[in-house]
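See structure below.
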Amino acid sequence: NPYAGLVSRLRAAWLSGKTRPMEYRVAQLEALGHFLNKKKQDILEATALDMGKPPFEAEFCEILLCNNELHDTLNNLSHWMKDEHVDKNLVTRLDSAFIRKDPYGVVLIIGPWNYPINLLLGPLIGAIAAGNCVIVKPSEMTKNIERLVSEALPSYLDKARCSLCPHLMDCFAVVTAGVEETTRLLENKFDYIFYTGSPSVGRIVMTAAAKHLTPVTLELGGKNPCYVSDTCDVQNVAQRVAWGRFFNAGQTCIAPDYVLCSAEMREKLLPALRKAITDFYGPNPQESPDFGRIVGDKQFQRVQPLLRSGRVVIGGQTDEKERYIAPTVLVDLQPSDPIMQEEIFGPILPIVIVANMDEAIDFINSRERPLVVYAFSSNNKVVNQVLERTSSGGFCGNDTLMHVTLTSLPFGGIGNSGLGMYHGKFTFDTFTHHRGCLHRGMGWEAINALRYPPYSQKKLGIIRAASEVKRKGTCTLL
Amino acid sequence: NPYAGLVSHLRAAWLSGKTRPMEYRVAQLEALGRFLDEKKQDILEATALDMGKPSFEAYFTEILLCKNELNDTLNNLSHWMKDEHVDKNLVTQLDSAFIRKDPYGVVLIIAPWNYPIHLFLVPLIGAIAAGNCVIIKPSETTKNIERLVAETLTCYLDNDCFAVVTAGVEETTRLLENKFDYIFFTGTPSVGRIIMTAAAKHLTPVTLELGGKNPCYVSDTCDVQNVARRVAWGRFFNAGQTCIAPDYVLCTVEMQEKLMPALREAITEFFGSNPQESPDFGRIVGDKQFRRIRALLRSGRVAIGGQTDEKERYIAPTVLADVLPSDPAMQEEIFGPILPIVVVANMDEAIDFINARPRPLAIYAFSCDSKVVNQVLERTSSGGFCGNDTLMHVTLTSLPFGGIGNSGLGKYHGKFTFDTFTHHRGCLHRNMGLEALNALRYPPYSQQKQGLLTTTFEIKRKGMCTLL
């Protein structure tokens, strides 16, 4: 077990209580802020190298959104950490009853490659805030970011004690690992595992976690449907959908994966999408500095054949050397087409025809529950119907992606798209064990006498009166 | 797959939306209330038959505590169900941002035998309140209760959306092959692993309420008689078959000397000079469990009790002194009326002893000195904690109840049960117009757009201004 030593080092650090004081956690979090600040240029360059990520997009997702999570956490940490005192009943009136926020211990965060800093740091912020020791495993797909994180991050977090292992620290560690090493890493017992990636690997992670009864959060994926009703501002819809689909060259877990609309709406949507794409990227998107590339050859070879579904009406060009796939819109799709069998995770938007909203809802409900459902309509009732009659991780009406930029909304999947939720306080809560605590007096034994044997009807009557919760509002006097 | 038909029947009911309206959920919950009222006598009789449960105890845990959860839920359901509107940033000021409380769908509740009504009914209350369809699998160990639940519960609930499955180990394994949208399991850590592994195949979220050895530290400064009563009550309630029972005591050799006569007195107060004749002391649920627990008596030295009667599955309220960490009673959760006392030098040694072992469902600490209680709380990790008493922390519906590490994952009781069976769906409903606001984020990108975007999206660090 090659990681046993590392895990036990972190466990010893955790048992020492080092990560518990608020001052310690604040110091680590502020250090993360310095990392984002000082290494901003390096991060932008690395993501550009790894996947042609436009610096604007990288700055927004990898820096700004992470700083938001950091500041939200630092602004509220002392409040979140406090014992939460709770309502008491008659019996416990004189006692102290509260929820203590305990860390789990040693947690593992496995990050994906598409937003390689954001999806590693977002959970890390909450894990540190909650008082845990953390092993982070960045994606091996984005080699420049992986190197940056493993070389630079350790120097910002809790300083190294072991002179033999310059990359290892007491309470935090970065592990670089491919599939096989990650499997070995997962043999160890962690106190929490936070995984972002595909459903198939999610199953493997949860199965490994089950051996140790380790709680998990799995942020997975799926095909996020995007219903466009007949009553909408077509140009606005086209812009918002195109933005969500082609951001990061489509490699976004919450991107609109496919559109559902009527044949009439499709006719209006196509020229509007064509205009939006041209407005965004110019007549030849391959020359635009604002459009990304596919992260690797394997993924390029997976996405490219999906173009053979239906009929290309916009885009469709590819360049294997650059791993470029043009912003593309497909029509005339069958549910059985290849592109409708898997999460696209690329800059291709299929449009599937449905007769009406009911058919769209049935289409959505007959498939795996996605990370997000999108619905566009000027009619609020339509948006609310789609929300009401479907099930998904999250939901956004009349826009794409935006719901995850609010730290006050929980972000997570359901069914195949994942389990658990985070962002803002939800991340802190994810990595916190909510410990129910009651602190009673040593005296006052007369009150307890009612519950002791020998039992009697009289005692039972008094206990019931003292501890029962009555049903409210059944009195007609109200 | 013998249960495929049942599961798809419930799934169809769920997709029909039947369980969504509040009126429907309230009707089902009120029906559960009538079940508890009308079947009260049957429940008391069945638990007496199944495990000699004293009717006082059965009334308290199987009826009263369940009604509390029911009423707490009915009193608050409309509030819990509502969309929770959340803080917005500059960009989303004009939008609607809220958390929608969605059911998971078809959920499975697997219950144990020690509190056989309570431990399926309380999760069931939350599952129904949250709008799910539910399959309940009561324990096959308590046969009378199992029959009662299978035959009568379905008369109270809507059979399209709720079902009771009676199953042993093999059938339960087949049941778990199906895809559920949530699984709630109460039982042992070893079966918990099996459940979670089965759930992983379908990415099904789980709550596992498991067990462990709950340590009970008794400091040198305490009211010895009060401590003895409270510890004895927690240990011998339900003949020790309680997941949150104090499993063993940690104290100094001096405290052991004082505690022993106090425990002897408490036991005599509670159960008389011959507990086997007391109507207020339970029995072990089955022969297999009886033999398992009896073997644990060979630990340390029997200071109080120690008598057994295999025919009645009676084990006397027993206290073992001078127990060693290597003794049989210290290798597994006792789940019987035996209280080992392990001697430690001081509080620090007690804390180290606790921390060297799997994290338990509860930790108990007794001391007149609040600092001592707080130290034990601070320096250990457990599902829950109670200072200066046992068991009581789980009677408050406002406290979350659940384990950590080997003692489980997830939590429930009160609103926490509703939340367990609810998917918190982050929702944003924006305007179809006002496109100018969005233009900042679209390509072609520019430094100017970047600057403006930052201003509208950023969250600033507070408290940095010295003016405050």
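The values are calculated or read from the model by the stated rules, or taken from the named source; none is laboratory data. Values in this document were obtained by computation on a predicted structure and should not be read as measured data. FYI the Cβ positions are ideal-geometry reconstructions off the backbone, even for glycines, and counts take in every protein chain you see. We work out accessible area using only protein heavy atoms, side chains counted, and drop any ligands, DNA or RNA first. Shrake-Rupley method; radii C 1.70, N 1.55, O 1.52, S 1.80 Å.
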With a 1.4 angstrom probe the carbon and sulfur portion of accessible area for chain B, in percent, totals 54 percent
The correct pair for the stretch A:225-412, radius of gyration to one decimal and Dmax as a whole number, both in Å and from Cα atoms, is 15.5, 47
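When only DSSP loop residues count, what trypsin sites (Lys or Arg not before Pro) in the stretch B:7-100 have their Cβ near at most 13 other Cβ atoms within 10 Å?
Those satisfying the criteria are B:Lys82.
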Rg/Rh over Cα atoms for the protein assembly as shown, Kirkwood Rh, comes to 0.99
The stretch A:37-180, convex hull of Cα, quarter of hull surface, nm² -> 11.5 nm²
Expressed in Å to one decimal, the Kirkwood Rh of the stretch A:140-267 from all distinct alpha-carbon pairs is 18.4 Å
Result for interface chain A to chain B, accessible surface buried in total, 1.4 Å probe, Å² to 100, stands at 10000 Å²
Scalar couplings 3J(HN,Hα) for the stretch B:287-297 by Karplus 6.51 cos²θ - 1.76 cosθ + 1.60 (θ = phi - 60°), nearest whole Hz, x for Gly and Pro, are 5, 4, 5, 4, 5, 4, 6, 4, 5, 6, 4
Here, A:Ala465 and A:Arg367, labelled 7 Å along Cα→Cβ, have an inter-label distance in nm of 6.3 nm
In nm, the gap between the two label points placed 7 Å beyond Cα toward Cβ at B:Tyr24 and A:Glu23 is 5.7 nm
Counting only residues 5 or more apart in sequence or on a different chain, those whose built amide H sits under 5 Å from that of A:Gly310 are A:Gln334
With a Förster distance of 25 angstrom and the Cβ-Cβ distance between B:Glu84 and A:Asn76, calculated FRET efficiency to the nearest 0.05 equals 0.90
The summed charge of the B:Ile284 Cβ neighbourhood (under 13 Å; Lys/Arg +1, Asp/Glu -1) stands at +3
Ordered by number, the chymotrypsin sites (Phe, Trp or Tyr not before Pro) in the stretch B:362-468 that occupy a DSSP loop and have at most 13 other Cβ atoms within 10 Å are none
Going residue by residue through the stretch A:389-403, the Karplus relation 6.51 cos²θ - 1.76 cosθ + 1.60 with θ = phi - 60° gives ³J(HN,Hα) values, rounded to whole Hz and with x marking Gly or Pro, of 9, 10, 9, 7, x, x, 8, 9, x, 6, 5, 10, 6, 5, 4
Residues meeting the amide H criterion for B:Leu320 (H placed from the backbone, H to H distance under 5 Å, 5 or more places apart or on another chain) are B:Ala303, B:Leu339, B:Ile341
For A:Thr318, the net charge from surrounding residues (Cβ-Cβ under 14 Å; K, R +1; D, E -1) works out to +1
The simple spin-label model distance between B:Glu269 and B:Arg174, using points 7 Å out along Cα→Cβ, in nm, is 5.3 nm
Note to self, chain B gives a 222 nm [θ] from helices alone (DSSP H runs n ≥ 4, -39500 (n - 2.57) apiece, / all residues, nearest 500) of -11500 deg cm²/dmol
Here Rg/Rh (Cα, Kirkwood) for chain A equals 1.05
In degrees rounded to 10, the 0-90 angle between helix B:370-379 Cα long axis and the longest Cα principal axis of chain B is 60 degrees
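So which GluC sites (Glu not before Pro) in the stretch B:142-228 end up in coil per DSSP with only 14 or fewer other C-beta atoms within 10 Å?
The qualifying sites are B:Glu177.
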Applied in sequence order to the stretch A:340-356, the curve 6.51 cos²θ - 1.76 cosθ + 1.60 (Karplus, θ = phi - 60°) yields integer Hz couplings, x standing for Gly and Pro, of 9, 9, 8, 5, 6, 6, x, x, 10, 10, x, 10, 9, 7, 10, 6, 6
